[in-house]
Amino acid sequence: MGDNEKRRKDENANNDDKVTLKKEIGLLSACAIIIGNIIGSGIFISPKGVLEHAGSVGLSLIVWVCGGGICALGSLCYAELGVTIPKSGGDYSYVTEIFGGLVGFLLLWSAVLIMYPTTLAVIALTFSNYVLQPAFQNCLPPFIATRLLATICVLFLTWVNCSSVRWATRIQDIFTVGKLLALALIIVVGLVQIFKGKHRFMEQSDGNTKVCFTKVKRSSFLRLPPGHYDALVPSAAFEFSQDPSFGQIALAFLQASFAYSGWNFLNYVTEEVVEPRKNLPLAIYISIPLVTLVYTLTNIAYFTSMTPEELLTSNAVAVTFGEKLLGMFSWVMPISVALSTFGGINGYLFTSSRLCFSGAREGHLPYLLAMIHLKNCTPIPALLVCCLATILILCLGETHNLINYVSFINYLSYGVTIAGLLYLRKKRPNLARPIKVNLLVPITYLIFWAVLLGCSLYSEPVVCGLGMVIMLTGVPVYFVGVQWKEKPKWIYILLERVTYLGQKLCYVVFPQEDSSETEPLTAKAVD
């Protein structure tokens with residue numbers, strides 16, 4: 001036993017000395033990454049879009065609950081993939097392993113080019129708008145001011161992520177708790193509105209049970225104004241402002257999917273998770289139900305302060321909620337949203353940089369992006385690329401029009417990845433799978449995914465078509481940049497010089513591989 005313990009200590013010491021991505025993400029930080037990436041700006045932006053397309057309060061709440069359920073099905077599939085192919089990179093790594101380089105590159109291309117820079121830009125702009133709002137109460141904040149503050153925020157968090165993985169995860173932990181407290185405040189105030197503003201009592205009348213509502217005197221301590229409870233009564237909740245159609249319901253789900261996006265982000269940093277085969281699925285099982293519950297209760301709380309019409313005309317739902325119910329403490333809402341989006345930016349930078357790192361390691365991006373800092377063991381080149389791409393999107397002008405393209409590409413990548421799970425089951429049935437979900441889980445997800453995608457194509461053919469075009473522009477890039485091996489010599493010389501210069505500027509080297517953690521379990525067959 002003494003020799004074994006000594007050997008284990010020596011191995012741990014050697015691992016600490018290695019220049020490699022460090023395992024510093026425990027279960028708590030893993031949950032914080034999932035929750036922190038999901039809860040960003042979406043819950044403060046998407047309720048309006050979901051209600052608009054759903055057409056009624058009741059159906060919009062059903063969309064929020066079902067959206068969380070679909071995420072749970074998808075996350076179960078990703079848990080199996082994450083422990084079967086324990087590589088960082090998420091969707092990209094799994095699809096590359098299963099379907100080959102071209103399909104993986106197309107996901108990588110669309111993510112690096114549009115998906116993550118645009119999402120980061122939208123969250124950063126939401127942060128700056130809410131921070132600047134108190135200074136510009138009667139008008140919109142200036143264009144330059146919002147872009148400048150958003151850029152400063154992205155630069156600061158890039159510096160933090162370049163300096164230390166531990167600092168980045170601590171920021172994620174702290175701000176995840178902060179955003180949960182902010183949403184808890186909304187939920188509690190909403191519940192107080194329901195239970196304090198009115199109460200129900202039962203009375204017998206003509207042999208039938210009749211439900212009556214009477215107003216209770218408003219509490220002088222809470223000073224809560226009466227809310228709009230009629231919208232939550234079942235008979236009124238399903239009064240449609242428009243006839244519901246499959247296309248509109250599909251668009252409502254796409255709006256909700258923007259708020260739920262990020263549920264798969266822990267799979268992007270698998271190699272930095274402590275005991276990933278245990279903590280990765282456990283973090284998923286804890287986080288997804290919690291977020292679904294919080295989102296549903298938050299939307300219910302919104303309707304205790306606003307009529308559906310008021311919610312649809314509001315450009316900042318949480319701020320309108322605070323103005324109506326919190327009185328002199330309404331300033332809490334803009335600060336809460338700013339803190340939430342700040343943590344969201346940190347989470348997206350942390351995970352999207354690992355996607356660039358994984359792509360470069362596979363040879364699909366310049367090798368410089370697969371290098372890490374010699375002392376800090378952080379992927380500085382990949383972080384800088386993510387930062388610069390986000391700032392470029394910010395400088396281009398209006399980014400909100402790109403959200404629909406992002407949602408479509410994001411949803412498309414989910415379906416391709418989970419289809420890969422079924423293909424891998426058939427192609428390699430004897431693979432060692434520490435987690436093996438029932439086949440009904442991926443099949444149910446893919447049926448829902450196909451219906452939703454088909455309805456989206458029918459309802460918004462231009463948006464979906466442009467999303468496909470953005471993805472397919474990666475095909476010629478793949479064949480020229482990756483498949484074409486016999487390039488002119490001067491191209492290789494130029495790449496070597498740029499890589500050498502980048503190494504000197506960023507003080508980075510290739511990480512040392514730990515085959516026990518990064519090698520897929522495909523090498524181990526089950527009898």
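The values are calculated or read from the model by the stated rules, or taken from the named source; none is laboratory data. What you are looking at is a predicted structure, and each value in this text was computed from that prediction instead of being measured. Cβ: placed from backbone, ideal geometry, glycine included. Neighbour counts: every protein chain shown. Each accessible area value is taken on the protein alone, full model and side chains, heavy atoms only, with ligands, DNA and RNA left out. Shrake-Rupley method; radii C 1.70, N 1.55, O 1.52, S 1.80 Å.
Overview of results
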| quantity | calculated |
| --- | --- |
| Exceeding the 22 Å Cα-Cα cut-off - candidates Lys87/Lys504; Lys278/Lys375; Lys87/Lys487; Lys278/Lys436; Lys87/Lys278 | Lys87/Lys504; Lys278/Lys375; Lys87/Lys487 |
| Neighbour net charge for Gly74 - beta-carbon separation under 13 angstrom, K R +1, D E -1 | -2 |
| Pairs of Cα atoms farther than 12 Å apart, segment 242-284, % | 68 |
| Value of Rg to Rh for segment 24-138 (Rh from inverse mean 1/r over Cα pairs, i.e. Kirkwood) | 1.04 |
| Projected area, mean over directions - segment 96-196, Cα convex hull, nm² | 11.0 |
| Shape of segment 434-478, Cα gyration tensor, a/c cut at 1.5 | oblate |
| Hull-based mean projected area of segment 412-518, where the convex hull spans the alpha carbons, in square nanometres | 11.7 |
| Accessible surface of segment 103-147, 1.4 Å probe, proportion on carbon and sulfur as whole % | 72 |
| For segment 63-74, 3J(HN,Hα) per residue [Karplus equation, 6.51 cos²θ - 1.76 cosθ + 1.60, θ = phi - 60°, Hz, x = Gly/Pro] | 4, 5, 5, 5, x, x, x, 5, 4, 5, 4, x |
| Heavy-atom accessible area per residue - segment 343-401, 1.4 Å, Å² | 32 |
| Accessible surface of Trp331 - all protein chains present, 1.4 Å probe, nearest 10 Å² | 140 |
| Principal axis box of segment 327-369, alpha-carbon based, largest edge first, Å | 56, 11, 9 |
| Stokes-Einstein D in µm²/s, Kirkwood radius over Cα pairs - segment 252-390 at 20 °C with 1.002 mPa s viscosity | 119 |
| Rounded percent of accessible protein surface that carbon and sulfur make up, segment 373-496, 1.4 Å probe | 70 |
